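Reading through the structure tokens given below for one structure.
The values are calculated or read from the model by the stated rules, or taken from the named source; none is laboratory data. Quick caveat, the model's predicted, so the values are computed rather than measured. A quick note on method: Cβ atoms are made from the backbone with ideal geometry, for glycine too, and the neighbour counts reach across all protein chains shown.
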Amino acid sequence: MAFDFKKEYKEFYMPKAEPAIVTVPKMNYIAVRGQGDPNDEEGDYKAAIGLLYAVAFTIKMSKKGDHRIDGYFDYVVPPLEGFWWQESNGRGGIDYAHKEDFHWISVIRLPDFVTEDDFKWAVNEATKKKKQDFSKAEFLTVEEGLCVQCMHIGSYDDEPSTVYMMHEFMEKQGYELDITYKRLHHEIYLSDARKVASDKLKTVIRHPIRKKG
């Protein structure tokens, strides 16, 4: 059976629908940066997702080719994730009524055995096979550290209610929000919005925090 990140790392990928404090370790990602409304069918976000999955599956299927990755084991490609902000609201605020103002880093987690050289090989391989420009794809390392997170069930537009609950919880626990240029609003998409009703979508929401004072 292939390794499944959601099952093996439940603390980070399958939290309960109530806030919790977690310490998130360093993780490596395939990343594509951009800005604009993620719902725009002709926008950068849709194109970015295509780039991410092409590289992700090139790495996963390397087992069938000539390129051998040290320590490789079969695995399920992890879910799509994203780091989001809006310059107009500062790093701590999100205005869902103005999605055109979004800046984002769309990511898919890499297994720990994938090195930056393996990543570069996959980008070159995808470029040759797809005859497409993959120069926007980058190898990104993020160590989120101390965070508050919660499973949000429902429409993306209804996220503010879950965020409010998270912030209320963290304050009672003696923490405060610590969103900065390096620590961002983070979402993990466990549902396919094309196939799941909006009121049943499952999204992990994660915010960086620090002890008060």
Quick one: would you say ALA47 is modelled with pLDDT of 95 or more, small (Gly, Ala, Ser) and farther than 24 Å from LEU177 by Cα? yes
Does ASP44 qualify as being surrounded by fewer than 19 Cβ atoms within 10 Å (Cβ to Cβ), among the acidic types (Asp, Glu), over 28 Å from ILE209 (Cα atoms) and in contact (Cβ under 8 Å) with a residue 12 or more places away in the chain? no
Residue, nearest to the chain's Cα centre (by Cα), within the range 156-182, restricted to residues that are in a helix (DSSP H, G or I) and of a type in the set (Ser, Thr, Tyr): TYR156
In the range 6-35, the residues that are acidic (Asp, Glu) and free of Cβ contacts under 8 Å to residues at least 24 places away in the same chain: GLU8, GLU11
Determine the pairs where a residue that is touching a residue at least 12 places away in the same chain (Cβ under 8 Å) and closer than 17 Å to VAL107 by Cβ, located within the range 165-194, has a partner that is among the small types (Gly, Ala, Ser) and in a strand (DSSP E or B) with Cβ atoms under 7 Å apart, the partner being 6 or more residues away or on another chain. GLU187/GLY82
Can you tell me which of (1) hydrophobic (A, V, I, L, M, F, W, C); (2) surrounded by fewer than 16 Cβ atoms within 10 Å (Cβ to Cβ); (3) in contact with a Leu (Cβ under 8 Å, 6 or more places away or on another chain); (4) under 26 Å from ASP95 (Cβ atoms) is the one ILE21 doesn't meet? (4)
Report every pair of residues separated by at least 6 positions or lying on different chains whose Cβ atoms are under 9 Å apart, first residue within the range 103-123 and under 8 Å from ASN28 (Cβ atoms), second among the hydroxyl-bearing types (Ser, Thr, Tyr) and in a loop (DSSP other than H, G, I, E, B). VAL114/TYR72
Matching residues in the range 55-105 - criterion: being assigned to a strand (DSSP E or B), surrounded by 15 or more Cβ atoms within 10 Å (Cβ to Cβ) and not β-branched (Val, Ile, Thr): TYR75, LEU80, GLU81, GLY82, PHE83, TRP84, TRP85, GLN86, HIS103, TRP104
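Residue-wise test of (1) assigned to a loop (DSSP other than H, G, I, E, B); (2) on the phi > 0 side of the Ramachandran plot; (3) within 18 Å of the chain's Cα centre (by Cα); (4) of a type in the set (Phe, Trp, Tyr).
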| residue | (1), (2), (3), (4) |
| --- | --- |
| ASP117 | no, no, no, no |
| TRP121 | no, no, no, yes |
| GLU125 | no, no, no, no |
| THR141 | no, no, yes, no |
| HIS152 | no, no, yes, no |
Please work out which residue is farthest from the chain's Cα centre (by Cα), limiting yourself to the range 183-213 and to residues that are outside any loop (DSSP other than H, G, I, E, B) and surrounded by fewer than 12 Cβ atoms within 10 Å (Cβ to Cβ). LYS211
When residues of the range 26-54 are filtered for being of a type outside the set (A, V, I, L, M), part of a strand (DSSP E or B) and more than 21 Å from TYR72 (Cβ to Cβ), how many remain? 3
